[in-house]
Amino acid sequence: MSEEKAFDVGPSKIEIAYERLGDPQAPPVLLVMGTGGQLIHWPDGFCAELVARGCHVIRFDNRDAGLSTHFHDAPKPDLAAALAGDASSASYTLSDLAADTVGLLDALGLGSAHLVGASMGGMIAQTVAIEHPSRVRSLTSIMSTTGAPGVGAADREALARMTGPPPRTREDVIEHWVRAFRLVGSPGYPAGDDELRERAALAYDRAYDPVGTARQSVAVIASGDRTARLRSVRVPTLVIHGADDLMCDVSGGRATAAAIPGAELAVIDGMGHNLPRALWPDLTARIAALVHRAEAR
């Protein structure tokens, strides 16, 4: 496994860091990560299970994350104003992130792929299926939502416990992330603090850009409600959501499945807003089954 970089990707001509795993002749499965996440937040073991189930896995960094292009010269994002209804500080929208995703497929010489998105990545994958339908063979939306008001909201108490003075040192950032992961992770499948700390340190050392994360967050808010447009999606679709997700309420997953004709909904007890190790066999089996059913069509 080795990371590579594609240049002049999509209409914005950005750089995208990516990694390909498994047999290039197998069905391509493109993993799209969420807000502030990097390609490494798709766990190695999770990817390995998809490969073992006959998938060619591609994971990558979205713009403003990891080793892909960061928009440091863009206007400062005002997340508080966006949450209050003024998203004028948005530098881009989910449509731009979707165009980046399609641009990566172009750079890799792939006419289409099976898209698997988590959280904001689910929103990006949904947007690709809406705006670039010929590029999507199947869609898996995990712990995500439609953008409609009233569904998929974060738990207010959990959000309040995650806010506070911004961390300043590497150790402060790592401990902040550990507390956040512990809070919104899967209560039925808790990760140990050492594992969380190791993962947080790896992410910090690879790339740390809280302003970039805020730009992504404002982009989500600025993109609005996809419900009506999701009704146009015709690819085989799987929606996976944790019953105990405090960052994106399960109502978001239910609304996504209800909006997409024929979508399959899997609500997982004990799962929160992460991909716990104990669920990798189940999650990857569900995804691979959808991939191979779509390929058989």
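The values are calculated or read from the model by the stated rules, or taken from the named source; none is laboratory data. The structure displayed is predicted, hence computed values, not measured ones. Every residue, glycine among them, receives a Cβ derived from its backbone with ideal geometry; neighbour counts consider all protein chains shown. Remember, those area values only see protein heavy atoms, side chains included, never the ligands or the DNA or RNA. Shrake-Rupley method; radii C 1.70, N 1.55, O 1.52, S 1.80 Å.
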Quick calc: nm separation of the 7 Å Cα→Cβ label points for GLU295 and ASP155 -> 3.8
Dipole of the chain (Lys/Arg Cβ +1, Asp/Glu Cβ -1, origin at the Cα centre): which of THR256, THR213, ILE124 lies farthest to the positive side?
THR256
At 0.36 nm per residue, minus the direct Cα-Cα distance, what do ASP194 and GLU264 gain on full extension? Give it in nm, one decimal, please.
21.7 nm
Scaled to the compact-protein estimate 2.2 N^0.38 Å, what is the alpha-carbon radius of gyration of segment 1-142, rounded to two decimal places?
1.03
ILE14 long-range amide H proximity, modeled H, under 5 Å
ASP8, VAL9
With Cα springs under 10 Å, the Gaussian network model of the chain assigns the largest mean-square fluctuation among MET33, MET120, MET162 to MET162
When a/c is below 1.5 the answer is rounded, else prolate if a/b is larger than b/c, else oblate, so apply that to segment 46-127 with a ≥ b ≥ c taken from the square roots of the Cα gyration tensor eigenvalues.
prolate
Please give the calculated 222 nm ellipticity per residue for the chain, where each DSSP H segment of at least 4 residues contributes -39500 (n - 2.57) and the sum is spread over every residue; nearest 500 deg cm²/dmol?
-12500 deg cm²/dmol
Only helices at least 18 Å long along their own axis, judged from Cα atoms, and with Kyte-Doolittle mean hydropathy of 0.5 or greater: name those in the chain from DSSP H.
94-107, 210-223
Averaged over every viewing direction, what's the projected area of the C-alpha convex hull for segment 67-107? Give it in nm², one decimal, please.
3.7
With each pseudo-label sitting 7 Å past Cα toward Cβ, what's the SER134-LEU110 distance in nm, one decimal?
1.8
Amide H neighbours of THR140 at under 5 Å, excluding residues fewer than 5 places away on the same chain, with H built from the backbone geometry, are LEU115, VAL116, GLY117, LEU238
Largest first, what is the accessible-area ranking of LYS76, LYS5, LYS13 with a 1.4 Å probe?
LYS76, LYS13, LYS5
Calculated on alpha-carbon atoms, Rg and Dmax of segment 248-297 in Å:
12.4, 33
With +1 assigned to the C-beta of every Lys and Arg and -1 to the C-beta of every Asp and Glu, and no other charges, what is the dipole magnitude of segment 51-100 about the Cα centre in debye, to the nearest 20?
320
Extended-chain gain in nm, criterion 0.36 nm per residue less alpha-carbon gap, ARG168 and ALA80:
29.6 nm
At q = 0.12, 0.19, 0.27 1/Å the base-10 log of I(q)/I(0) from the Debye formula over the alpha-carbon atoms of segment 14-82 is -0.39, -0.75, -1.16
Which of GLY150, GLY224, GLY262 ends up with the largest GNM mean-square fluctuation for the chain, with Cα atoms connected below 10 Å?
GLY150
For segment 42-110 and segment 1-30, what is the centre-to-centre distance using only Cα atoms, to the nearest Å?
12
First check a/c for segment 134-215, with a ≥ b ≥ c the square roots of the eigenvalues of its C-alpha gyration tensor; if it is under 1.5, answer rounded, and if not, answer prolate when a/b is larger than b/c or oblate otherwise.
prolate
Among rounded, prolate and oblate, which fits the chain when a ≥ b ≥ c are the square roots of the eigenvalues of its C-alpha gyration tensor, a/c under 1.5 means rounded, and a/b larger than b/c means prolate?
rounded
Run the 1.4 Å probe and let me know the accessible area of THR69, rounded to the nearest 10 Å².
40
Over what distance in Å are the Cα centres of segment 142-165 and segment 264-295 separated?
22
Relative contact order (%) - criterion: Cα under 8 Å, at least six apart; region: the chain
22
Looking at the chain, send over the antiparallel percent of its DSSP beta bridges, to the nearest 5.
25
Top of HIS241, HIS114, HIS132 by mean-square fluctuation, Gaussian network on the chain, Cα under 10 Å:
HIS132
